Amino acid sequence: MAEREYDASSHAPPAEVGEMELVHPRTFIGKYIWSQDAKVIAIQYGLTATAIGLVALVLSILIRLQLGFPNSVSLIDPASYLQHVTMHGMIMVVYLLTAILLGGFGNYLIPLMCGARDMAFPYLNMLSFWTYLLSVLILVAGFFVPGGSSGAGWTLYPPQSISPGTPGVDGGIVLMLVSLAVFIIGFTMGGLNYVVTVLQARTRGMTLMRLPLTVWGIFMATVMALLAFPALLVAALMLLMDLLLGTSFFMPEMLAMGEITEREGGSPLLFQHLFWFFGHPEVYIVALPAFGIVSDLLAVHARKNIFGYRMMVWALIIIGVLSFVVWAHHMFVSGMNPYFGFLFATTTLIIAVPTAIKVYNWVLTLWRGNIRFTVPMLFAIGFLFTFVNGGLSGLFLGNVTADVPLSDTYFVVGHFHMVMAVAPIMVIFGAIYHWYPKMTGRMLNDTLGKIHFWVTFLGTYLIYYPMHFIGLEGVPRRYYAYGETTFISDSVQTLNAGITIAAIIVAATQLLFLFNLAWSYFRGRESGPNPWQATTLEWQTPHTPPRHGNFGDALPVVYRWPYDYGVPGAKDDFIPQNVPPEAVEYLDGAHATGKGAT
Amino acid sequence: MTVTLTFLALLMAGFVAWLFSHSVNVRPWVAGSSETARRTQVPEWVTAPRMGLMVLLATVTSVFTLIISAYLMRMEMGADWHPLPDSALLWFNSALLVLASVALHGAWRAARQDAVERVRHLLIAGGGLSALFVVGQLLVWRQLAVEGYYLATNPANAFYYLLTSLHGLHLLGGLVAWAKVFRRLQRGGEPARLRSGIELCAVYWDFLLLVWVVVFALLLKT
């Protein structure tokens, strides 16, 4: 190596942006309520999403009780059953998964992982949370208006959703549509922040190709969400106009409650196009952050660099782009031209390529890794199983010929719960176990965590696996009761009862998780700054939990990518991103020219 | 959906090309190495507010292209489409918006020359003309209603009211930003921040004008 004066910071370019001015509040309210600190906003997002998610969890148990033990609970009648199904779906997809992954983890991790003081526009960020909270409150108000919440299904298909006779058409549906519009406005404010922060506020040396995959996943999902949510906004606005102002964007001429409606010419298909133009990217808006987070969990807990980092980044981008040209595979049974369906089946199956690349790379990351079976790692591995499973049943549904008979059966329910409910939830749990020490300074209880994992993981298989069989028999979804239907065999009822019991057990275990969150906050083992020996910047903060401004006096300078685990010859099995090459200690006899040095 | 897909394809192509140029030939696993680190910076002129505005405008473009897609699809789907008559007032309104945009550009130029009085006059002109545009649009609504073109009578009407009201809302949102900049000017704010604010307004108004031109052309042609 050349002998010369060495200035470590010469490795990194000068700062991209100047130091930012932060609003440091003094009062309790300023600090924890009207906070502009992305970390506090993240926790506000997380708690709100968890609270509304619990409501959806209770609803799912009510649905399961009716299906497993028909007519045993007097609370549920056909109308309220549909309302529960609708609210469960809408809350879980939009108000829980989207909000907690982007609003929660996005806010917490983007500034910390990029080495920024805070988001680019902190005030807007605060508004984003309060707008989100408002949208949740509007949605919840639907439970209390006369007629109850909407029973239109989370897909809101007109003419059903706004026709007389549908549960909740007197008020619930209006509140749901307004709530969605408000949610989208709130999300746009947050999304602006995530994109600009990732592109603008990275610290010195944090190049795009040194960003942790978590940031890449959240970033790409945000870009998609900013472009896809407008489709839902437009659809919701037009549906509201059809309902309240008597226009006929979507409402055709039809017979409703024995009377011919005044409208004519509207096209329900138009709604489906708009809805799924949002709806399909939405699947990936939820999945991409999960992909990113799980990549980091696997690398940290297997003590190995992620396999094929650049390939992983490009797979995220390609999945994101392709997800905009597959929407019509949700509409194979809408009477479309078969060639049109063939086109969309093709694009759908092409997505399997980048997705499979990711799965192989995850598995290859584990290969010969020094795997530590911590709770986050268990959840990450659990994700691999559920995701591959759900992906495989997706191959059936992506093909027109197989989809047509399976459409609207429990096969679909089993598929999408496996791939976009359980899989991201596994990652969310893993991420909470992983980053809780940074958020609170204490570890979550390990034993409770392991019980939580095993019951949830095995339980979800008991819930969703049998649904595939029920679906293959042709049992349609969204039915309150099946009565004496000849093609449905008796064993379906037995399976349904079993599913319900499994669902109740899994739901109860989530209470254990909540207890763990609360208990560990006060009594958990102290974690120290970097309990997992991870390399990314959030673990290198001077304080745990990080204070407002994240990094104390000086922002860190980044010298390496986030996956320097098990570098050959290095003394420690991990080298944090902010350690300059000449500060790395090597074992006797090892060269500094190994991987990781210039 | 062709319109929307074209917009998205263009946007994504730019985005992907930019990312490609920053990821090809980069070896992320190499530590230190300053030349790879230097290459992936955002150019200096792309400040956070500028980029924020660009992202916002991309989102708003998505809203408008989707409505235009829906417009074109709905037009072909039902046999009940009766186009609206073209109002001469719309031409007048369009001229107002063009002038507003020109005035704000003038204000931007004046701000760069630190001519505070000229900035003030041109800002007022830009805001005033925009407010007049909104009034003009309301008059067109009134005209149409008087002639019996109500919202619910025909999908063409419904789309007209929807598009113009969203464009109007978009403009009102711009006027809020305009008012903030104007207040900053009156209080003698810091020149650099003022310049940045005026610049953002000018770009925003260009975009408003562009959207209006597309919407107006669509209304004229169909």
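Among the criteria (1) within 12 Å of chain B (Cβ to nearest Cβ); (2) farther than 27 Å from residue A:128 by Cα; (3) open to solvent by less than 20 Å² (accessible area, probe 1.4 Å); (4) in contact (Cβ under 8 Å) with a residue 24 or more places away in the chain, the one residue A:224 does not fulfil is (2). When we screen A:318, A:293 for residues that are within 14 Å of residue A:217 (Cα to Cα) and more than 13 Å from chain B (Cβ to nearest Cβ), the only hit is A:293. Contact map, segment A:314-340: residues that are surrounded by fewer than 20 Cβ atoms within 10 Å (Cβ to Cβ) paired with residues that are acidic (Asp, Glu), Cβ distance under 8 Å, separation 6+ or inter-chain. Pairs shown: A:333/A:403; A:333/A:408.
Can residue A:522 be described as part of a helix (DSSP H, G or I), open to solvent by 20 Å² or more (accessible area, probe 1.4 Å) and either without any contact (Cβ under 8 Å) to a residue 60 or more places away in the chain or not aliphatic (A, V, I, L, M) (or both)? Answer is yes for this residue. What are the residue pairs meeting all of these: first residue in segment B:3-15, first residue more than 12 Å from residue A:324 (Cα to Cα), second residue open to solvent by 50 Å² or more (accessible area, probe 1.4 Å), Cβ atoms under 7 Å, and 6 or more apart or on different chains? That search, which allows pairs on different chains as well, returns B:3/B:72.
If the condition is being under 21 Å from residue A:118 (Cα atoms), of a type in the set (S, T, N, Q), more than 14 Å from chain B (Cβ to nearest Cβ) and in a loop (DSSP other than H, G, I, E, B), then segment A:525-579 contributes A:530, A:541, A:544, A:550. Of the numbered criteria (1) of a type outside the set (Ser, Thr, Tyr); (2) under 28 Å from residue B:202 (Cα atoms); (3) open to solvent by 50 Å² or more (accessible area, probe 1.4 Å); (4) modelled with pLDDT under 85, the one residue B:38 fails is (2).
Looking at B:88, B:107, just one residue is buried (at least 16 other Cβ atoms within 10 Å of the Cβ) and assigned by TED's automatic domain parsing to the domain that holds residue B:129, and that residue is B:107.
For every residue, the table says whether it meets (1) under 30 Å from residue A:562 (Cβ atoms); (2) under 23 Å from the mean Cα position of the chain (by Cα).
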{"site": "A:304", "(1), (2)": "yes, no"}
{"site": "A:309", "(1), (2)": "yes, yes"}
{"site": "A:322", "(1), (2)": "yes, yes"}
{"site": "A:370", "(1), (2)": "yes, no"}
{"site": "A:392", "(1), (2)": "no, yes"}
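Tally the residues that are more than 10 Å from chain B (Cβ to nearest Cβ) and hydroxyl-bearing (Ser, Thr, Tyr), restricting the search to segment A:179-199. Residues flagged as more than 10 Å from chain B (Cβ to nearest Cβ) and hydroxyl-bearing (Ser, Thr, Tyr) within segment A:179-199 amount to 1. Within segment A:350-378, residues that are assigned by TED's automatic domain parsing to the domain that holds residue A:393 and part of a helix (DSSP H, G or I) reach partners that are open to solvent by 30 Å² or more (accessible area, probe 1.4 Å) and of a type in the set (Asp, Glu) with beta carbons closer than 7 Å, at six or more positions or on different chains, in the pairs A:375/A:446. Scan segment B:201-216 for residues that are over 18 Å from residue B:116 (Cβ atoms) and open to solvent by less than 50 Å² (accessible area, probe 1.4 Å) and the total you get is 10. Scan segment B:74-90 and tell me whether some residue there is of a type in the set (Phe, Trp, Tyr), under 19 Å from the mean Cα position of the chain (by Cα) and either over 25 Å from residue A:216 (Cα atoms) or within 7 Å of chain A (Cβ to nearest Cβ) (or both). No, segment B:74-90 contains no residue that is of a type in the set (Phe, Trp, Tyr), under 19 Å from the mean Cα position of the chain (by Cα) and either over 25 Å from residue A:216 (Cα atoms) or within 7 Å of chain A (Cβ to nearest Cβ) (or both). Within segment A:565-581, not a single residue is crowded, with 23+ Cβ neighbours inside 10 Å, acidic (Asp, Glu) and modelled with pLDDT of 90 or more. Do we have any residue at all in segment A:160-169 that's under 25 Å from the mean Cα position of the chain (by Cα) and either buried (at least 21 other Cβ atoms within 10 Å of the Cβ) or in the same structural domain as residue A:39 (by TED's automatic domain parsing) (or both)? So far as segment A:160-169 goes, no, none of its residues is under 25 Å from the mean Cα position of the chain (by Cα) and either buried (at least 21 other Cβ atoms within 10 Å of the Cβ) or in the same structural domain as residue A:39 (by TED's automatic domain parsing) (or both). Is there a residue being in a helix (DSSP H, G or I) and without any contact (Cβ under 8 Å) to a residue 60 or more places away in the chain anywhere in segment A:105-127? No, there is no match, as no residue in segment A:105-127 is in a helix (DSSP H, G or I) and without any contact (Cβ under 8 Å) to a residue 60 or more places away in the chain. For segment B:57-69, which residues satisfy the criterion of being touching a helix residue (DSSP H, G or I) at 6+ places or on another chain (Cβ under 6 Å) and without any contact (Cβ under 8 Å) to a residue 60 or more places away in the chain? Those that are touching a helix residue (DSSP H, G or I) at 6+ places or on another chain (Cβ under 6 Å) and without any contact (Cβ under 8 Å) to a residue 60 or more places away in the chain: B:59, B:62.
The values are calculated or read from the model by the stated rules, or taken from the named source; none is laboratory data. A quick note: this is a predicted structure, and the numbers were derived from the prediction, not measured. Neighbour counts are summed over all protein chains in view; Cβ atoms, including those assigned to glycine, are modelled from backbone coordinates with ideal geometry. The area values use the complete protein model at the heavy-atom level, side chains included, leaving out ligands, DNA and RNA. Shrake-Rupley method; radii C 1.70, N 1.55, O 1.52, S 1.80 Å.
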